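Here's the structure, in structure tokens; my notes come after.
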Amino acid sequence: MDISQNIKFYRKQKGYTQVDLAKLLNVKPTAVSAWESGRNKPLMDKVTLMANVFNINISQLVGDTFEVNDINPVYTKLDINRKKNVYKYAVNQLDEQNNVIELPTNNEVEIHGAVSAGTGEYLLDGKPELVPYDGEVPPHDFALVVNGDSMLPLFEDKQIIFVKKTKDVRSGQIVIADYDQQAYVKKLIKDDNGCRLVSLNRKYDDMPIDDNHEMSIFGVVVL
């Protein structure tokens, strides 16, 4: 496996989320996501730190058992012209390595699908999608795109929102809920009139939480 696959493998083996690993490495979760997708490669200091975090050697992480001393016996047997070729190639590789930089950490966010502020959506089952984002990225477990206007003026159509996974929610919180097998962003209300999911845009009816409907909570919106 290459380094992108190895990072994902050893991260999951340790039981870390991308957010967990990002905190340990002092980078943004989008950087970890870019490494695991193969769109970008970590710099050597991060490779070394990850190897320590995963309690493995660097060669295991980069997917190569090559050791520095392995090249010396071969190199010394080359004639002068071939040594020059090896040197030029090594310089070229070093230049390429030094030009590998992490993507800006404030302009992308990993989206896990859409959530309805209207008539219902299905959360993404496949691979998350990285999209441009220029706003503040709070600590979160996953991000979603809002579809619809039922949560105006708090959330606009196509706005990105950030969610913390939890089953422990209070009345008045904005939640991501699975309601009859579709995903919604709504305000959870529990009072003398019962439990229900409420839209901030009053043109939408409340969604009662009772024995006639299946409902579970994915998490609470943090931004």
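None of the figures in this text is laboratory data; all of them are computed from the coordinates on show. Keep in mind that what you see is a predicted model, and the values were worked out from it rather than measured. Methodologically, a virtual Cβ is constructed for each residue, glycine included, from the backbone with ideal geometry; neighbour enumeration extends over all protein chains shown.
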Notebook entry, point to check: Looking at region 173-189, is at least one residue closer than 22 Å to Pro29 by Cβ and not β-branched (Val, Ile, Thr)?
Noted result: yes
Next item on the list: Quickly run through region 167-215 and pick out the residues that are under 23 Å from the mean Cα position of the chain (by Cα), surrounded by 10 or more Cβ atoms within 10 Å (Cβ to Cβ) and not aliphatic (A, V, I, L, M).
Entry: Asp178, Gln182, Tyr184
Margin query: Residues that are closer than 30 Å to Arg39 by Cα, touching a residue at least 24 places away in the same chain (Cβ under 8 Å) and exposed (fewer than 14 other Cβ atoms within 10 Å of the Cβ): does region 143-161 have at least one?
Written below: no
Check: Out of curiosity, is Asp206 within 24 Å of Glu108 (Cβ to Cβ) and among the acidic types (Asp, Glu)?
Finding: no
